[in-house]
Every structure is written in structure tokens, then in C-alpha cells.
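Okay, structure first, notes after.
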Amino acid sequence: GALGSMLEAPSETEVRTVVVPALAKALARAEDRDTITAAMIALAKIGVDPDGLRLHDLFRERLASHDQEVRESAALCIGIARQCKREDLELLMALCSDAPWGRRCTGRTSVDERTRAFATYALGLCLPRVDAGQRMAPVRCLTELLHAEGAAGIHRNVTVAAIAAIGQLPNEDN
């Protein structure tokens, strides 16, 4: 009966055609930090692009938010979505290394420490999803963060995030 259908998990089609559009609409309308971050995280966990939109773009445009929590959540959501396309990796590397493109995406003269740390965690979430041949650039970026600790504005949060991210490297021997 009706109760049985309410207890069933939604189909992939229902998620793609009902759930994801509802979340994208909620995100587009949201003005407060809690609704924005909750909608981004829900979309990222599902990992499906809304029709006519790309999660990468939805998250990237929120990197320039005046709200710190929205910026760091946007960076982390790129990793949570685990789409891990080249553009995702390049953006995360630009953010965590405070590169000019990362600065432009945040609309700031430098990427703030917390956004850098969350981008670094996000890069780690992508490592297992990236082909072994494409891991070198992200791994090099992460190890450079370790070498730079204490210099060039690298703070402990970014260093700890880099260590945690490197720990996500898959063990190819298993």
C-alpha cells in the first residue's frame, strides 16, 4: 500500500528528476548560511549534476561568498561530490596553494587559510577517484604544502589537511 511505497528508497530517476532539482532550487533561493551550506552538502553527497547545471559551477560561484563558512563548504563540496574531473582538481590545487586562479575564484587578494584547508581536504577526497596516471599533480601539490609549512603563509590547518589528504592515496598493492 501507500506506506510500503513511502518506505522504499527513491529510484535513481526520482533522485535525478525530483530530489536534485528541489535541492538546486533551494540553493538558488537560499540567502542564509545554514540553508546554503546544507543544500550544497546534500547536492555534493548525491553527486549528480542538476539538469542544465554543473555542481562544479554551483560550488565555484560560492567560493567568492562574503561568508567564511559558505566559502569553505563550497571548497569541501567539490571533493564530497567526488566527480574529480580535471577542472575540479585544478581548482582545488589553485585554492590550496593560494595560486592566482584560486584567488580570483574567491575574489580576494589571497585564499584564506580555512578555505585553503578545506580545499586541501577536498583534494584528498578526490585522490582515490583519479586514475593513477593523473595523481601526480595533486600529490605534488600536497607535498609542496608540507615543505612550505611555516613559510609563505602556510598554517598548521593547511599542513594537517595536506597530511590527511595524502593519507587518502589508495594502496595499489591491495
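Structure above, values below:
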| item | result |
| --- | --- |
| Contour minus Cα-Cα distance for Val48 and Ser11 (0.36 nm per residue) | 12.0 nm |
| Residue-averaged [θ]222 nm for the chain, counting only DSSP H segments that reach four residues, each worth -39500 (n - 2.57) | -18000 deg cm²/dmol |
| Calculated from backbone phi, Karplus (6.51, -1.76, 1.60) coupling profile of the stretch 38-54 in Hz, x at Gly/Pro | 5, 5, 4, 5, 4, 4, 5, 5, 6, x, 10, 5, x, 3, x, 10, 10 |
| Note, ³J(HN,Hα) from phi for the stretch 116-130, Karplus 6.51, -1.76, 1.60, rounded to Hz, x at Gly and Pro | 4, 5, 5, 5, 5, 4, 4, 4, x, 5, 7, 3, x, 8, 9 |
| Within-12-Å neighbourhood charge of Gly102 [Cβ basis; K, R +1; D, E -1] | +3 |
| Gain in span if fully extended, Glu69 to Leu146, counting 0.36 nm per residue against the direct Cα distance | 25.3 nm |
| Rg in Å to one decimal, and Dmax rounded to a whole Å, for the stretch 1-151 via C-alpha atoms | 16.8, 64 |
| The chain - percent relative contact order, Cα under 8 Å, separation 6 or more | 17 percent |
| Residue-normalised accessible area of the chain, expressed per residue, 1.4 Å probe, Å² | 55 Å² |
| Förster-model FRET efficiency, 22 Å R0, Arg156 and Ala99, C-beta, rounded to 0.05 | 0.60 |
| Length added when fully stretched, Asp112-Glu87, from 0.36 nm per residue minus Cα-Cα | 6.9 nm |
| For Asp112, net neighbour charge (Lys/Arg +1, Asp/Glu -1) across residues whose Cβ lies under 13 Å away | 0 |
| No Cys partner within the rule (Cβ under 4.7 Å), the chain | Cys77, Cys96, Cys105, Cys141 |
| Apportionment of accessible area to carbon and sulfur, the stretch 25-174, percent (1.4 Å) | 49 percent |
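The values are calculated or read from the model by the stated rules, or taken from the named source; none is laboratory data. Because the structure is predicted, anything quoted here is derived from the model rather than measured. Glycine gets a Cβ as well: all are built from the backbone with ideal geometry, and neighbour counts include every protein chain shown. Note: accessible area is taken over every heavy atom of the protein model, side chains too, but ligands, DNA and RNA are not part of it. Shrake-Rupley method; radii C 1.70, N 1.55, O 1.52, S 1.80 Å.
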